[in-house]
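First up is the structure itself, then whatever we jot down about it.
The values are calculated or read from the model by the stated rules, or taken from the named source; none is laboratory data. Here the structure is a predicted model, which means the values were calculated and not measured. Counting neighbours? That spans all protein chains shown, and the Cβs are built from the backbone with ideal geometry, glycine included. Ligands, DNA and RNA are stripped out before the accessible areas are found, and what is left, the full protein with its side chains, is counted by its heavy atoms. Shrake-Rupley method; radii C 1.70, N 1.55, O 1.52, S 1.80 Å.
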Amino acid sequence: MTTSVGTPPTLDLGPAVGLSCRECGHQVPLAAEFACAECFGPLEVAYEFGAVRREDIESGPRSIWRYRRLLPVPSDVDRHPNTDPGCTRLVRADRLAAELGVRSLWIKDDTGNPTHSFKDRVVAVALAAARTLGFTVLACPSTGNLANAVAAAAARAGWESVVLIPSSLERAKVLTTAVYEGALIAVDGTYDDVNRLATELAAEHEDWAFVNVNVRPYYAEGSKTLGFEVAEQLGWRLPGQVVVPVASGSQLTKVDKAFRELGQLGLVEPTPYRVFGAQATGCAPVSAAFKAGQDVVAPVRPSTIARSLAIGAPADGPYVLDTVRRTGGAVEDVTDEEVVDGIRLLARTEGIFAETAGGVTVATAKKLIETGQLDPDAETVLLITGDGLKTLDAVADQVGPRATVPPSAAAVRAALTS
Ligand SMILES: Cc1ncc(COP(=O)(O)O)c(C=O)c1O
Ligand SMILES: [Zn+2]
């Protein structure tokens, strides 16, 4: 767990002491770098954690900053303007559990974040690190939720933002980004085209922090807070199984990293857990590789209503495969029809309206249970990472008023019994 990079850190990014290559272990000082100079592998934050006690966390702010001792952010992070996401609710889902036939089920409801998705977590950490690294503009290529989170965080911090999205994005996600009045550019192309463009622009504009490109190592660590919160909210223990939606795959690998770090630091018993990935069949490169027993993830051209998960060439795909295989989990995928059924099932049973990514998670959990891959007797957590109000089109032609009636009690009664 403790990693020494030889060079003392010159920046205050809390317990972070450097960056280390996930492939070859090559280490570099803390900087806005994301690819290893030796092998082009992805760089990851390396830490020297001090002693961290549960009480230190429990007495901290009601936001992800309660975990700052485990994140690459300065010790005074909560004194700077940020969106301060996190501490979303973990709810028991007994009615959904009964429908799915599982014994103990929880929903981690990340629709409760400031811009209604888990992306506020990663952006908050990226902004804090970018500030320390000397950036002044917050930028990203996005499948939608990240666009919301970056535009809002930049507005709050008084930074400029540059947000690139595929022009095919849902109208709600475009409007809920544009309202913050940063620079929003729609690009005619897929997310993967937009991502390539961002990498090119990041190399040319030294003051632009592309949260998921040149400051990706810091950004990605923000997803650990989902895992930290689940464990803390369960009373400092790990669940037996967790189901996570997969786009680039970063979130899934970081939830696993969070569980491992908590165990290594003695904050939880390091009990075994299994990590499952969820994709839409119309963009399921990681699921396809998992099922074929392959280590490489062949890129696909996405075609699914789950646009937030529509990344055809997922950067962390191979690490998702490593994680699910190491923990005894799996990756599964579901059709767009099943995604809509998943959204409706969660809404009907638990009163939680998720976006398409949440539909993917619920429907995948159902399929994993039906195919015997998920243990119905193990305590299970589903990560619901985005809000249904952003993807209304998914359900628009399936739900609506039962009837339109004149303002008379008899007409209402007639409609209710018809
Ligand atoms: C709502 C939602 N859930 C999950 C994900 C997947 O995140 P990752 O790229 O870390 O796999 C995304 C990505 O955009 C998302 O918008
Ligand atoms: Zn390397």
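In table form, for the structure just shown:
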quantity	calculated
Residues located in segment 285-303, provided they are within 13 Å of ligand 1 (Cβ to nearest atom) and either assigned to a loop (DSSP other than H, G, I, E, B) or more than 23 Å from ALA147 (Cβ to Cβ) (or both)	SER287, VAL297, PRO302
Filtered residues of segment 32-64 (kept if more than 16 Å from ligand 2 (Cβ to nearest atom), closer than 23 Å to GLY263 by Cβ and open to solvent by less than 70 Å² (accessible area, probe 1.4 Å))	TYR47, PHE49, GLY50, VAL52, ASP56, ILE57, GLY60, ILE64
Subset of segment 271-284 [touching a strand residue (DSSP E or B) at 6+ places or on another chain (Cβ under 8 Å), outside any loop (DSSP other than H, G, I, E, B) and not basic (Lys, Arg)]	VAL275, PHE276, GLY277, ALA278, GLN279, ALA280
Selection from segment 376-390 of residues that are acidic (Asp, Glu) and open to solvent by less than 60 Å² (accessible area, probe 1.4 Å)	GLU379, ASP387
Conditions (1) open to solvent by 40 Å² or more (accessible area, probe 1.4 Å); (2) more than 22 Å from SER142 (Cα to Cα); (3) not hydroxyl-bearing (Ser, Thr, Tyr): number failed by ALA298	(2)
Filter result (modelled with pLDDT of 95 or more, open to solvent by less than 60 Å² (accessible area, probe 1.4 Å) and of a type in the set (A, V, I, L, M, F, W, C)) within segment 2-31	LEU13, ALA16, VAL17, LEU19, CYS21, VAL28, LEU30, ALA31
Candidates ASP110, ASP94, filtered to the one that is within 16 Å of ligand 1 (Cβ to nearest atom), in contact with a strand residue (DSSP E or B) (Cβ under 8 Å, 6 or more places away or on another chain), at pLDDT 95 or above and of a type outside the set (A, V, I, L, M)	ASP110
Filter pass, ARG69 being modelled with pLDDT of 95 or more and either among the acidic types (Asp, Glu) or in contact with a helix residue (DSSP H, G or I) (Cβ under 9 Å, 6 or more places away or on another chain) (or both)	yes
Pairs where the first residue, in segment 114-133, is more than 24 Å from PHE353 (Cα to Cα) and open to solvent by 20 Å² or more (accessible area, probe 1.4 Å) and the second is in a strand (DSSP E or B) and more than 16 Å from ligand 2 (Cβ to nearest atom), C-beta under 8 Å, 6+ apart	LEU133/ALA209
Total residues in segment 219-249, condition among the polar types (S, T, N, Q) and either without any contact (Cβ under 8 Å) to a residue 12 or more places away in the chain or open to solvent by less than 10 Å² (accessible area, probe 1.4 Å) (or both)	3
Flag if SER168 is assigned to a loop (DSSP other than H, G, I, E, B) and within 13 Å of ligand 1 (Cβ to nearest atom)	no
